[in-house]
Amino acid sequence: MLGKIAAFEFRYQVKNPVFWVTGAIFFLLTFGAVTVDEIQIGSEGNVLVNSPYANLEKMMIMSLFFMFVTTAFVANVVVRDDDTGFGPIVRSTRVTKFAYLIGRFIGAFLAAALCFAAVPLAIWLGSLMPWLDPETLGPNRLAYYLFPYLVVAVPNILITSAIFFALATATRSMMATYVGVIVFLILYFVVNGNLGQEPEWRPILAYLEPLGAGAVEEATRYWTAAERNSLLPSLEGALLWNRLIWTAISILFLALAHWSYRFADKGISRRKRRKLALEEAAADGVEPVHAAAPLPAPRFGRAAARAQLMSRTRLEMKQVFRSPAFVVLMALGLLNSMVSMWFAGNLFGTPTDPVTRGLIPILEGTFSLIPLIVAVYYAGELVWRERDRKMHEIVDATPLPNWAYVVPKTLAVSLVLLATLAVSVAAALLVQLLKGYTNFELGKYVAWYLLPGTVSMVLVAVLAVFVQAISPNKYIGWGLMVLYVIVTLTAGNLGLEHVLYVYGQVPDVQYSDLNGSGGYAVGAWWGRLYWGAFAILLLVAAHLLWRRGTETRLKPRLKRAPARLKGSPGLVALGALLVFAGTGAWIYYNTDVLNEYRTRDDSERYAAEYEKRFLKYEKLPQPSIVHAVL
């Protein structure tokens, strides 16, 4: 019975969209760390990107953040049957509490471990990419991937699974469990950030730190770059004992979950019984129902359109804000960005003030992925909500126009993204305050980060809604958006760097307390205007191709599109097309006619030719400064 229940739970979790979405997210994160120079995890200095030490650090760090995913797998086991109303049926069978609870846990744990396998897979595939410098790569050996996965990642998944499974069992609440995850992470960083810096505490943390980071650090602290590129730590001493201690603790948490789980339905509470009695008493004296008054005549003017837009936008936003996944994603992004901002205040070993121009690039690098995930994931959820709940035929039979579906869903995702960026600004201000820096430059946060970031995220939201509108199901839509993310990460390495043909891309902006954003912001806003016009074309296309009723095929919708284009949609599309073409021509004139456009490869060739041309003057005596008066 235990094996059958575990197998059932494993199949359920693997078929769940959360499994594939989170696997894709962690694959992309790790793939970017291997293939993008700006993202480095475990391969700093002369350490190769696929070395055994780099693989250890990547899987250790990813397993820390993977606890959010682990919780979604194992905590859901406890509350799912009660939420669906299936729990009483299961508990009325001959299934024992041990087989039911532990079997479900084993299945969810195995699914989580399989999902995390996307991390070593991403490291291996990333190391095979043709644009990587061969000098940054080492040999791909199976042991370099199996040891970190089996010794570090899988035990960490087991530990966090057991802890939060026990918490979910005790509280029967997903929200309380996610709060526990956040508390755990905060305590983990506080303890490691303080005690981990003290030499006398390091040997103790090597045994007691739950995720094995202290033990690995203790075993590899004095390794040279050559050793880190070729050696794995031995499974002995503190590392072995750490794994054994915390595996035993995880078993204790499972025992605690089994002991605290009530495998029976609670009786009706006194309060509920009193409420039912009052309802029955009221029913005894029910008055006859009178005929309802005639309904008011429907109106289709501008006031009705505004009411539809506002009410549906509120409805869509509530679904996102009330989702536990949104809270988890926000907490994950804020934690990641706050840690990065806290430890980023060094310049060549010298502490620096957390100035605004220094924190904004960190937010752009560490927090930008979270709004991207929110846009992609919730665009699919909102577009397919009515169909997932089997309400689409009823809703689609109403006289609601297509734009009243497309625009509120896009606007809701956009406003949610604006809220997430505003929260990240609050996190940056909190870091500045905790570090004693009180020069809060809110204007710069708004002009340099909030407004540009919101426009960039809205572009992604529009694309995600459009893709879901034409996709046969939301999973294919998610897959296409994951493909878009991969393309944007690797486009520069493939020579596709021009702002005119990479959707949503704008020129980089450099910030300075002396010059502000200089002239860089002007070019960036021209790029946003260009892609904003294209996004409006996508919205019009989504309006034209929106599915209604039982028809899901794309071809019939394409046939009806010209008829739907008449009137306002056609005028909006024409205006957007003119802006798109005009700004595109202006950008091309500035980048390719007035200036010489160079790709990354062109710049490297230019630098090489420059070096060859002037190398003969290397030994020529040059003027030097011997005295300066300031």
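The values are calculated or read from the model by the stated rules, or taken from the named source; none is laboratory data. Since the model is a prediction, treat every value here as computed from it, not as a measurement. In this analysis, Cβ positions are derived from the backbone assuming ideal geometry, glycine residues included, and neighbour counts consider all displayed protein chains. Calculation scope for accessible area: heavy atoms of the full protein, side chains included, ligands and nucleic acids excluded. Shrake-Rupley method; radii C 1.70, N 1.55, O 1.52, S 1.80 Å.
This table checks each residue for (1) of a type outside the set (S, T, N, Q); (2) touching a Cys at 6+ places or on another chain (Cβ under 7 Å); (3) in a loop (DSSP other than H, G, I, E, B).
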{"position": "Trp526", "(1), (2), (3)": "yes, no, no"}
{"position": "Phe534", "(1), (2), (3)": "yes, no, no"}
{"position": "Ala541", "(1), (2), (3)": "yes, no, no"}
{"position": "Trp546", "(1), (2), (3)": "yes, no, yes"}
{"position": "Gln622", "(1), (2), (3)": "no, no, yes"}
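This table checks each residue for (1) of a type in the set (Phe, Trp, Tyr); (2) more than 30 Å from Asp513 (Cα to Cα).
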residue	(1), (2)
Gly443	no, no
Trp448	yes, no
Val462	no, yes
Ile470	no, yes
Lys474	no, yes
Gly479	no, yes
Ile486	no, yes
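Only residues in region 303-314 that are more than 11 Å from Pro408 (Cα to Cα) count as the first member; pair them with residues that are modelled with pLDDT of 75 or more and assigned to a helix (DSSP H, G or I), Cβ under 9 angstrom, at least 6 apart or cross-chain, and list the lot.
none
Can you tell me which of (1) part of a helix (DSSP H, G or I); (2) within 33 Å of the chain's Cα centre (by Cα); (3) within 23 Å of Leu382 (Cβ to Cβ) is the one Pro569 doesn't meet?
Looking at each condition in turn, Pro569 falls short on (2).
Which one is farthest from Glu497 (Cα to Cα) among residues in region 592-604 that are over 33 Å from the mean Cα position of the chain (by Cα) and surrounded by 12 or more Cβ atoms within 10 Å (Cβ to Cβ)?
By that ranking, first place goes to Asp592.
Among the residues of region 507-514, is there at least one that is of a type in the set (Ser, Thr, Tyr) and buried (at least 19 other Cβ atoms within 10 Å of the Cβ)? Before you say what the answer is, go through the steps one by one.
From region 507-514, those of a type in the set (Ser, Thr, Tyr) are 511-512; that's our starting set.
Applying the additional criterion that residues be buried (at least 19 other Cβ atoms within 10 Å of the Cβ) yields 511.
Yes, because at least one residue in region 507-514 is of a type in the set (Ser, Thr, Tyr) and buried (at least 19 other Cβ atoms within 10 Å of the Cβ).
Looking only at region 493-506, which residues are surrounded by fewer than 16 Cβ atoms within 10 Å (Cβ to Cβ) and modelled with pLDDT under 80?
Leu494, Gly495, Leu496, listed by residue number.
Could you pull out the residue among Leu565, Leu545, Leu451 that is open to solvent by 30 Å² or more (accessible area, probe 1.4 Å), in contact with a helix residue (DSSP H, G or I) (Cβ under 8 Å, 6 or more places away or on another chain) and among the aliphatic types (A, V, I, L, M)?
Details: Leu545 fails: open to solvent by 30 Å² or more (accessible area, probe 1.4 Å); Leu451 fails: in contact with a helix residue (DSSP H, G or I) (Cβ under 8 Å, 6 or more places away or on another chain).
Answer to the check: Leu565.
Within the set of pairs 6+ apart or on separate chains, which have a first residue in region 108-119 that is more than 13 Å from Leu150 (Cα to Cα), a second that is at pLDDT 90 or above and in a helix (DSSP H, G or I), and C-beta atoms under 8 Å apart?
Phe109/Ile157; Phe109/Leu158; Ala112/Ile157
Within region 19-75, can you find the residues that are modelled with pLDDT under 75 and over 24 Å from Pro139 (Cβ atoms)?
Glu38
Among the candidates Leu615, Leu630, Leu574, Leu578, which residue alone is open to solvent by 100 Å² or more (accessible area, probe 1.4 Å), assigned to a helix (DSSP H, G or I) and either of a type in the set (Asp, Glu) or over 16 Å from Glu497 (Cβ atoms) (or both)?
Of Leu615, Leu630, Leu574, Leu578, the one residue that is open to solvent by 100 Å² or more (accessible area, probe 1.4 Å), assigned to a helix (DSSP H, G or I) and either of a type in the set (Asp, Glu) or over 16 Å from Glu497 (Cβ atoms) (or both) is Leu578.
Being part of a loop (DSSP other than H, G, I, E, B), touching a helix residue (DSSP H, G or I) at 6+ places or on another chain (Cβ under 8 Å) and touching a residue at least 24 places away in the same chain (Cβ under 8 Å): is that true of Tyr597 here?
When the stated conditions are applied, Tyr597 passes them.
Looking only at region 441-467, which residues are free of Cβ contacts under 8 Å to residues at least 24 places away in the same chain and of a type outside the set (A, V, I, L, M)?
Hit for region 441-467 is Gly443, nothing else.
Considering only residues that are open to solvent by less than 10 Å² (accessible area, probe 1.4 Å) and touching a residue at least 60 places away in the same chain (Cβ under 8 Å), look in region 411-426 and name the one that is farthest from Met310 (Cα to Cα).
Ser424
Would you mind finding the one in Thr488, Thr410 that is β-branched (Val, Ile, Thr), part of a helix (DSSP H, G or I) and modelled with pLDDT under 80?
Result of the check over Thr488, Thr410: Thr488.
Among the helices (runs of 4 or more DSSP H) lying completely within region 86-198, list those that include at least 1 residues that are closer than 24 Å to Leu252 by Cα, open to solvent by less than 60 Å² (accessible area, probe 1.4 Å) and at pLDDT 85 or above.
Passing ranges, in order: 97-116, 154-171.
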